[in-house]
Amino acid sequence: MSQKIYLYILKIGSFLALISIFFVFKNLLFPFITSKQIPFNILIEVLLVFWVALIVKYPEYNPFKNKKGKNFITYGLIFYFAVMVISCFTGVDLNLSFWGDIERMLGAFHILHFFGLYLILITVFRDWKDWKEMMIWSLILSVFLSLKGISDMGYSTLGNTSYVSGYLIFNMYFAMLLFFKERNTGLKWLYLIPLPIILMAFNKAGTSGAMVGLGFSILAVLFLYGLLNKNKKIKIISISVFVLATIIIANIFIFNRDNFLTRNIPALNDIVKDISLNKATFQTRLISWNAALQDFKEHPFFGTGHGNYAIVFDKYFDPVFLTHTSSETYFDRAHNNVIDIASTTGSIGLLAYLSIFIAIAWYLIKKYRADEISIHEFSLLVGLFTAYFVQNLAVFDSLATYLMLMLTLAYVHWLNVEEDGFMEHTSFRFKGFVRELGDSVKVNNKEIYALLIVGVIMSAIALQYNIKPWQMLIGTIDGQRYWAQGKVLNTYEAYKETLKLDTVLDRDSRTSFVRLVISNPNILKNLEKEKADEVLGFAIDLAKINVEYNEGDSLNQMMLAQVYNVAAGHYASNGDKYSFYMNRALEAVEMSITASPGRVPIYYQKAQIQITRGNLDGAIETLKYAEKLLPEYSETHCYLAKTLLYNQKKDEAAKYVENCVDLGGASKLTPVSLLKTQINEYINKKDWERVIKMYDALTVVEKNNPEVWIKAAALYKQQGLLEKAEKAALKAIELDPKVKDNAERFIEGLGEN
């Protein structure tokens, strides 16, 4: 084929790669992730066949044979990805490192496809016209994504506001680059039209890290523009705005968060509230980062392996984390790109990563000093990379930001190696291709071998590592659908057939089946014994396979313990099997605790297993140990209180009931009958403060019970809490209109007090 056809295929393919951000196929597991990454992977694999054939037939297109010498951005990327792959083999979980999981799809295998896109871009996009078209295309797509984000919850088609924000930052700067590089005065203003739409979507996403990143980048642009501008008036204005903006921002966020601006600009007030060092999410990130720093000394060179941050987080899990949130306690990323890279790929990986940005800075400075790029372009590109780097100190990369990063890196690469020549392809159009197809039949052996060999390799990769996982994801969703319909055997058969595909991403499918069984073990009672045994055995086997990836995985060991516990209950009438599975459950939960000794909830599972085995004293001892790990955590006190009460240890339970209530955990004193019993106990003691707290909890647990609200209203009135009494009475009317007359008289009576 002619070089024009190769270039046409690769260029159009590069444009199509950006469309992947819109794919959301609901019949896949984790549709916001898998729907994008797998089609993107397949597209890049197809394009790489033509890319290899192109540089084989036309060596002048080989990006590694540039006339101006080696480009350190490219070699920085190679260095980084090489260390990433090496860490996969030196780390603790090769499968997770290299293939990743379905929830993120950020294993080395998937990330290497972004490098493939980068190589294609630096090969094909050789003049400003190419880059102008790509940036315009990206900008158009960002407008559609923004409109979708504005119309829904801000997640748009990316499923996460952080991903949306990071993606939009790149396109904001693309718009500005296009504006300043456009020579047609009338046309250039069109590039600013998308900015208001993008900013609206960015604001709705409300990601604090991205807002901070964008803010820092604007300050960086102002500073550079003022420092380097030769026009004295512009220099003075830019520096003045920079200083004034810095003072205002420092005053708002550090010294005086409640001020005239925040009181009168709701959007600014929301941002200030969202960006706070006391915010729970920031505190949990600090704990996460501290875990990585503690582990760094044990794996200083290649880390724990790319993608294995969860192991680090579990190992050094700080129980204080639970005081900030009791949900999302399993972090598989450090939520700080630099710390995550240092933790998982070690100092060598971090050095490789930073070398990319050092190369960027070097080339931009060199080109600016040589007067080959304008002050506008220099400042904007520095601002863009500043925004990207700063926002990634609170998040991590995704498909959307990887796409934009590779595009921008390739653009800076082009700025550095830009040269005359290659004019043959600069003016091609589709009609031109049609006219010249007859001239493209000349092929050589090298080209044929490249197309065949690379084509076969990429076809095999696409089939085994993308198409089969795609089929597995569909089968998993089918299984979950059957389960929701109560069709247990259909669920079992669907998973069994799906997992016969034996893909590298089966881990999450296995996990989903195990969780289904753990979540509702009683459903097995509806099956014939033989089938129930078969389904349960299948779940146990799947849990065991997941543990084999890494026996130090606390979460997988916990799930293995839970499914063993289900098996013990299932075989309660069979002494030998019961004992066998109970012992296995205890072994697995001990392994889970060893992997994450500070994770308090694991001890609840251990205590439950001990209770099932008849070891009440052991269970109480386990729970008391958990209580010492985090005395201010209400759930442990509540768990201890329930355990002691159920086992007729009322006196010993008393202090734990009090602690449970005082720490705000009264709603955990379930079932409701237990909570009501304790309310009566405290009413008899006339401990009205705790009675009120427990009634507050009861109105949460039984929020649709009008009788509860009626009694709560009477209690609140008795204790002088008239506003709460009125709200409770109104809620009772809402739930049961029959009580309206009495409730209204009750409310009128409140005004007489």
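Bear in mind that the values in this text are calculations on the coordinates, not laboratory data. Keep in mind that what you see is a predicted model, and the values were worked out from it rather than measured. Cβ atoms come from the backbone with ideal geometry, glycine included; neighbour counts cover every protein chain shown.
Numerical summary
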quantity	calculated
Phi to ³J(HN,Hα) by Karplus 6.51 cos²θ - 1.76 cosθ + 1.60 over the stretch 193-202, Hz, x for Gly, Pro	4, x, 4, x, 5, 4, 5, 4, 5, 4
Efficiency of FRET from Cβ geometry, TYR549 and ASN520, R₀ 22 Å, rounded to 0.05	0.25
Per-peptide average of other Cβ atoms within 10 Å, ordering 338-345, 228-235 highest first	338-345, 228-235
Mean separation of Cα contacts under 8 Å (6+ apart) over length of the stretch 68-418, as relative contact order %	29 percent
Residue-by-residue Karplus 3J(HN,Hα) for the stretch 509-524, coefficients 6.51, -1.76, 1.60, Hz, glycine and proline x	5, 4, 4, 5, 5, 4, 5, 4, 5, 5, 5, 8, x, 5, 5, 5
Under 5 Å, built H, 5+ apart or other chain: amide partners of ASN550	none
17 Å Cα-Cα reach of LYS686 towards lysines, excluding residues that sit fewer than 8 places from it in its own chain	LYS655, LYS676, LYS711, LYS717
In sequence order, calculated HN-Hα J values of the stretch 181-186 (Karplus, 6.51, -1.76, 1.60; Hz; x Gly/Pro)	8, 6, 8, 7, 4, x
Inter-label distance for THR246 and ALA572, nm, one decimal - labels placed 7 Å from Cα along Cα-to-Cβ	7.0 nm
Residue order, fewest to most beta carbons within 10 Å, for GLU298, GLU744	GLU298, GLU744
Pairs beyond 22 Å (Cα-Cα), from LYS4/LYS181; LYS577/LYS668; LYS279/LYS724; LYS496/LYS525; LYS230/LYS367; LYS577/LYS624	LYS4/LYS181; LYS577/LYS668; LYS279/LYS724; LYS577/LYS624
The chain: calculated mean residue ellipticity at 222 nm from DSSP helix runs of at least 4, using -39500 (n - 2.57)	-23500 deg cm²/dmol
